[in-house]
Amino acid sequence: MEGTAPRRPATPTEPVEPVGPLPPMFPGGNRIGAAEEAAILDVLRRKRLFRYYGVAPGPSVVDRFEARFAATIGVCHALAVNSGTAALATAMAALGVGPGDQVIVPAYTWISTAAAAVVLGAVPVIAEVEESLTIDVADAERQITPRTKVIVPVHMRGAPCNMAALTAMAERHGIAVLEDVAQAVGGSYRGRRLGSIGRIGIFSLQFNKIITCGEGGVVVTDDDRLHARALLFHDVAASQRTHLEGVAPFVALTCRLSELQGAVADAQLDRLDGIIADCRRNRSIILEEVGTSLDERGIALRRCHDEAGDTAIAIVLLCPDPATARSLANTCQTLDLPAKLLFDPDVPDFHVAYHWGPILDRVSWTPRGPWSDPDADVEYGPDRWRRSIDILGRAVHLDVSPDLSPDLAARYGRALRACVERLP
Ligand SMILES: *Cc1c(COP(=O)(O)O)cnc(C)c1O
């Protein structure tokens with residue numbers, strides 16, 4: 001039977017075959033099928049492309065998606081929007097972020113986390129990440145000033161931040177926690193789904209994420225008032241559509257999700273638990289094959305704040321130095337393994353603060369952007385994230401597709417083991 005063949009560890013002399021083509025790393029995207037097709041056709045046939053009305057009366061699939069998403073995450077409210085970036089801006093607006101405020105973000109996250117603060121007129125402050133590749137709580141605490149309004153822990157590459165330490169620290173200082181779960185939908189921390197721990201949380205449904213509708217995002221919270229404010233911000237006419245008890249209307253944007261996207265998102269939600277279960281199975285098979293070879297070469301898995309809550313979409317290996325990481329990533333690639341370095345000073349990548357040109361140069365669309373405030377005293381020098389660069393610069397990232405068969409996962413693991421054993 002597949003997957004139960006006895007392990008045959010490769011020795012440094014034994015040739016190892018390339019594993020061959022692997023499934024594309026678009027977990028939800030690669031599983032799009034009959035359910036998504038039927039859901040889209042239903043929206044078209046009902047001529048109901050807008051969530052608030054259609055040609056004929058009938059249910060909104062975005063409403064349905066929001067209710068089911070909230071239940072999945074374990075929160076009272078979910079609001080669908082048209083991107084993860086819009087979800088960040090909406091969540092920050094709900095928390096009242098604006099000119100004069102500072103928002104603490106980690107040095108390793110997609111640039112949107114910082115950009116959303118700038119869009120609202122606030123200044124992003126960049127904190128280090130630690131060996132889990134998520135925000136270093138002690139360093140974040142050192143960045144707090146009287147202007148700090150929000151801190152954004154980002155659950156990078158599927159795994160949770162140190163939420164116990166972070167929540168306690170934020171509470172001590174009276175700062176709101178906004179969880180960015182764009183890369184970790186379905187993950188958890190100490191039994192609670194990510195996104196349900198902070199005051200508010202956001203998700204992305206862009207094509208690269210665990211589940212997808214091409215473009216989309218979600219804002220979740222247990223707080224009725226925050227939900228009402230998010231609703232107001234995401235729809236310029238929200239106050240005409242609904243009376244929001246106790247929440248004064250304000251001027252806002254429109255970043256609503258369409259029913260076509262909502263239909264796909266709703267179908268994808270049914271796939272979430274299966275995708276994560278398959279990633280977890282495959283990651284275990286791979287690591288089982290890799291065995292103790294990592295220890296022998298001084299390579300460690302990144303730290304994890306809750307193994308059971310990791311979505312298992314990735315394996316991140318921390319090497320002793322950047323040269324070893326580069327050598328390992330190169331060897332892996334010759335065997336078709338989906339390995340890459342997480343930081344290269346010469347390869348622009350908006351996931352690392354080092355490469356956030358427009359933010360480091362303090363450029364928004366107007367010279368009167370948030371940094372023009374003489375009190376917006378913030379430090380973006382390379383010393384600010386020296387430790388993050390040290391860690392990311394020796395990190396090799398490997399995708400773990402849910403669509404590897406157990407047999408392919410075992411071959412992947414054996415090939416990875418061989419790459420580690422052959423390091424010079
Ligand atoms: C993708 C991503 C976003 C932004 O989502 P979009 O839907 O692309 O706007 C925000 N934060 C993180 C950590 C992301 O990975």
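The values are calculated or read from the model by the stated rules, or taken from the named source; none is laboratory data. Worth saying up front: this structure is predicted, and the values here are computed from it rather than measured. Cβ atoms come from the backbone with ideal geometry, glycine included; neighbour counts cover every protein chain shown. The protein model used for the area step is the full one, side chains on, heavy atoms only, and it has no ligands, DNA or RNA in it. Shrake-Rupley method; radii C 1.70, N 1.55, O 1.52, S 1.80 Å.
Counting charges near Arg283 (Lys, Arg +1; Asp, Glu -1) among other residues having Cβ under 14 Å from its Cβ returns a value of -3. Each peptide among 400-410, 227-237 gets the average number of other Cβ atoms lying within 10 Å of its residues, and from highest to lowest they stand as 227-237, 400-410. Once the Kirkwood radius over Cα pairs is known for the range 27-126, the Stokes-Einstein relation at 4 °C and 1.567 mPa s delivers a diffusion coefficient of 80 µm²/s. Most simply put, the chain has about 60% antiparallel DSSP beta bridges, counting only bridges with both residues inside it.
Solvent-accessible surface of the range 125-205, taken per residue with a 1.4 Å probe and all protein chains present: 28 Å². Computed with a 1.4 Å probe over protein heavy atoms only, the accessible surface of the range 26-92 comes to 46 Å² per residue. Computed in the context of the full set of protein chains, the accessible area of the chain at 1.4 Å probe radius has 54% of its extent on carbon or sulfur. A simple count of charges around Val220, restricted to other residues whose Cβ falls under 11 Å of its Cβ and scoring Lys, Arg +1 and Asp, Glu -1, yields -2.
Think of a 1.4 Å ball rolled over the protein heavy atoms: the range 292-339 then has 41 Å² of accessible area per residue. In summary, the range 66-182 shows an alpha-carbon radius of gyration equal to 1.01 times the 2.2 N^0.38 Å reference for compact globular proteins.
With kT/(6 pi eta Rh) evaluated at 4 °C and eta = 1.567 mPa s, and Rh the Kirkwood radius from Cα pairs, the chain diffuses with a coefficient of 58 µm²/s according to Stokes-Einstein.
By the combined test of axial Cα extent (at least 24 Å) and Kyte-Doolittle hydropathy (mean at least 0.0), the qualifying DSSP H helices of the chain come to 272-290. For Asp377, neighbours were defined as the other residues whose beta-carbon sits under 15 Å from its Cβ, and their charges (Lys and Arg +1, Asp and Glu -1) total 0. Once C-alpha pairs closer than 8 Å and six or more residues apart are averaged by separation and normalised to the residue number of the chain, the relative contact order reads 23 percent.
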